[in-house]
There are 2 protein chains.
Amino acid sequence: LSAFCAAAITGSLSIIFVLIWVLHYREGLAWDGGSAEFNWHPVLMVAGLIFLQGTAIIIFRLPWTWACNKQVMKWIHACLHLLAFTLTVISTVAVFDFHNTAKIPNMYSLHSWLGIAAVILYCLQIVVGVVLYLIPITPVSWRAAFMPVHVFFGTLLFVGIISVALMGITEKLIFALKSPKYSQSPPEALFVNVLGVLLVAFGAIVVYTVTR
Amino acid sequence: LSAFCAAAITGSLSIIFVLIWVLHYREGLAWDGGSAEFNWHPVLMVAGLIFLQGTAIIIFRLPWTWACNKQVMKWIHACLHLLAFTLTVISTVAVFDFHNTAKIPNMYSLHSWLGIAAVILYCLQIVVGVVLYLIPITPVSWRAAFMPVHVFFGTLLFVGIISVALMGITEKLIFALKSPKYSQSPPEALFVNVLGVLLVAFGAIVVYTVTR
Ligand code: HEM
Ligand code: HEM
Ligand code: HEM
Ligand code: HEM
Ligand SMILES: O=C1O[C@H]([C@@H](O)CO)C(O)=C1O
């Protein structure tokens, strides 16, 4: 149970940190093709693909949900993932739109390669999840047989996404901090490094909860 | 078994790719306080903390080792980790020495924070492993009780280290590629992105092998 409190705290703090980053240290949020539009990218990825996905993953382990109807729990799990995916799509549109306006090439970085792969696999995992576990006609034997794959692949995807976020943070700090530079450790650099540590902590707690 | 071939192939390819990177695209290897000394950092991290650690982790799952003496297998596992740790220490000295010579600050980046944390935890995992499983006086009940923690923490550490390496690759590509820049996708950028993809594939295969 204390793991859930820890997940709630590190998860909420991550969202607060990413908001303070873009609103206080950076250009704020807008949909204008500029840096303020880019800023939706980290905010929505942390809130959606990390926080909401993490929440969806550990929801079945919350003791008070064991009294709930299993069908209802499945819907909540699926809806959280769908919501996470929706935010992810907006977040991805924001960064492509920013790149196109600023005439920066798309898909050049390792971050963008692994990021887009993660988004596609996440979408696939949702489709397979809905087909197998939400549509009533799927045979129970299929559902059971596929469950270990669903859990393994879902957890791996979650871990991979945290790691994509850490690369994104690294890139943005190097690009955005020029004088003083990232290596001169201005307050923003330390603050956002702490955001990275929070994401790692959140990820570790979620994985611990699901694998125990 | 095909998982082992896949691990062997992606793992060996990773080492070949990192060598081609530093020898062909970069300044080569030397111990001169300059960029060629820095280059030992990625080479030894990929060879040691990723390849050797990954090998040590899956060694118990190789079918032909099941006929081997358990005590011998434990020694091999421990020695591989010790060798990995030795290379890690040299790799860390190389990057600090390079920074000090070039008057670049130490420990400013998220990569360095998570990297140094990983190295310290790795060292701790080795110490605890030796005390619990190599020293003959440790009670068997302790060994059994601690095994799930050892496996969970070891696997988490391995995954975290892959993710630290991806951040390191991202940093180095941004720092090293100036004209043409990383975003202009010169051959080196694509080549090293593929190295990143190989590391992710190796990591996924190792984790799959250990968790099935
Ligand atoms: C966690 C899930 C994330 C995913 C799946 C993801 C995905 C992507 C993708 C697909 C692109 C390519 C856009 C293009 O080429 O036009 C991109 C770009 C970028 N992202 Fe992320 N991102 C994530 C998180 C973050 C975070 C937390 C940051 C922190 C600021 C970030 C920073 C960046 C930056 C600076 C770029 C532009 C440079 C580049 O293309 O690599 N990302 N991201
Ligand atoms: C990308 C999206 C998804 C990811 C990453 C994901 C991940 C996971 C993970 C990690 C678990 C293990 C939870 C635990 O052991 O406590 C799980 C369980 C489950 N998921 Fe998903 N899932 C996704 C989408 C879906 C969808 C759309 C459905 C459709 C309803 C679904 C149905 C289930 C079911 C039925 C369980 C088993 C719960 C139980 O019996 O403990 N998943 N999922
Ligand atoms: C996988 C395990 C790795 C670990 C544990 C690790 C650890 C570290 C540490 C502790 C530092 C700080 C050195 C200092 O402050 O003087 C550092 C720096 C650096 N590492 Fe790594 N590293 C790893 C892999 C890599 C890889 C594969 C690359 C790819 C080139 C890389 C690139 C860099 C760069 C460019 C720096 C200097 C900038 C900075 O301090 O962030 N690292 N690394
Ligand atoms: C940082 C260093 C280490 C890491 C990351 C690590 C990681 C792991 C992992 C992931 C496993 C699970 C393997 C499997 O299930 O097939 C494992 C098993 C094991 N490790 Fe380690 N280990 C480390 C150091 C050590 C050391 C120094 C010892 C001392 C001998 C040790 C003893 C064992 C034993 C006895 C097993 C159980 C093998 C079995 O019965 O299947 N480990 N280790
Ligand atoms: O020393 C050992 O500890 C574990 C086991 O006793 C705990 O599960 C194991 O496999 C050994 O060889």
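Some notes on this structure:
- Test set (1) within 16 Å of ligand 5 (Cβ to nearest atom); (2) within 14 Å of chain A (Cβ to nearest Cβ); (3) of a type in the set (Val, Ile, Thr); (4) not in a helix (DSSP H, G or I) - residue B:151 fails condition number: (4)
- Members of the range A:178-206 that are more than 7 Å from chain B (Cβ to nearest Cβ), in contact (Cβ under 8 Å) with a residue 24 or more places away in the chain and of a type in the set (A, V, I, L, M): A:192, A:194, A:195, A:198, A:199, A:201, A:205, A:206
Okay, residues lined up against (1) away from ligand 3 (no atom under 16 Å from the Cβ); (2) assigned to a helix (DSSP H, G or I); (3) modelled with pLDDT under 95; (4) farther than 17 Å from residue A:211 by Cβ:
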{"site": "A:122", "(1), (2), (3), (4)": "yes, yes, no, yes"}
{"site": "A:129", "(1), (2), (3), (4)": "yes, yes, no, yes"}
{"site": "A:138", "(1), (2), (3), (4)": "yes, no, yes, yes"}
{"site": "A:159", "(1), (2), (3), (4)": "no, yes, no, no"}
{"site": "A:166", "(1), (2), (3), (4)": "no, yes, no, yes"}
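- Residue check for residue A:158: within 16 Å of ligand 2 (Cβ to nearest atom), more than 10 Å from chain B (Cβ to nearest Cβ) and surrounded by 16 or more Cβ atoms within 10 Å (Cβ to Cβ): yes
- Within the range A:168-177, the set of residues being touching a His at 6+ places or on another chain (Cβ under 7 Å) and either of a type in the set (Ser, Thr, Tyr) or within 12 Å of ligand 3 (Cβ to nearest atom) (or both) comprises just one member, A:170.
- Test: residue in the range B:68-84 that is in contact (Cβ under 8 Å) with a residue 24 or more places away in the chain and within 14 Å of ligand 3 (Cβ to nearest atom): yes
- Where helices (runs of 4 or more DSSP H) fall wholly inside the range B:1-114, the ranges with 3 or more residues that are surrounded by fewer than 18 Cβ atoms within 10 Å (Cβ to Cβ) are B:2-20, B:70-102.
- Whenever a residue of the range B:164-175 is more than 7 Å from every other protein chain (Cβ to nearest Cβ) and surrounded by fewer than 20 Cβ atoms within 10 Å (Cβ to Cβ), it has no partner that is in a helix (DSSP H, G or I) and not polar (S, T, N, Q) lying with C-beta atoms less than 6 angstrom away and at least six residues away or across chains.
- Among the residues of the range B:186-207, the one identified as of a type in the set (Phe, Trp, Tyr) and either within 20 Å of residue B:22 (Cα to Cα) or touching a Phe, Trp or Tyr at 6+ places or on another chain (Cβ under 7 Å) (or both) is B:191.
- Breaking point among (1) touching a Leu at 6+ places or on another chain (Cβ under 9 Å); (2) closer than 25 Å to residue A:203 by Cβ; (3) polar (S, T, N, Q), for residue A:112: (1)
- The requirement of being within 12 Å of chain A (Cβ to nearest Cβ), over 23 Å from residue A:158 (Cβ atoms) and surrounded by 13 or more Cβ atoms within 10 Å (Cβ to Cβ) is not satisfied by residue B:130.
- Residues of the range A:25-76 that are within 15 Å of residue A:12 (Cα to Cα) and of a type in the set (Phe, Trp, Tyr): A:51 alone.
- Residue match in the range A:107-115 (condition: farther than 23 Å from residue A:83 by Cα, among the aliphatic types (A, V, I, L, M), more than 10 Å from ligand 2 (Cβ to nearest atom) and more than 24 Å from the chain's Cα centre (by Cα)): no
- Residue pairs meeting the criteria (Cβ under 7 Å; at least 6 apart or on separate chains; first facing chain A (nearest Cβ under 10 Å) and over 13 Å from residue B:159 (Cα atoms), in the range B:101-125; second charged (D, E, K, R) and within 10 Å of ligand 3 (Cβ to nearest atom)): B:109/B:171; B:111/B:171
The values are calculated or read from the model by the stated rules, or taken from the named source; none is laboratory data. Owing to the predicted nature of the structure, the values given are computational and were not obtained by experimental measurement. We place every Cβ from the backbone using ideal geometry, glycine too, and count neighbours over all the protein chains shown.
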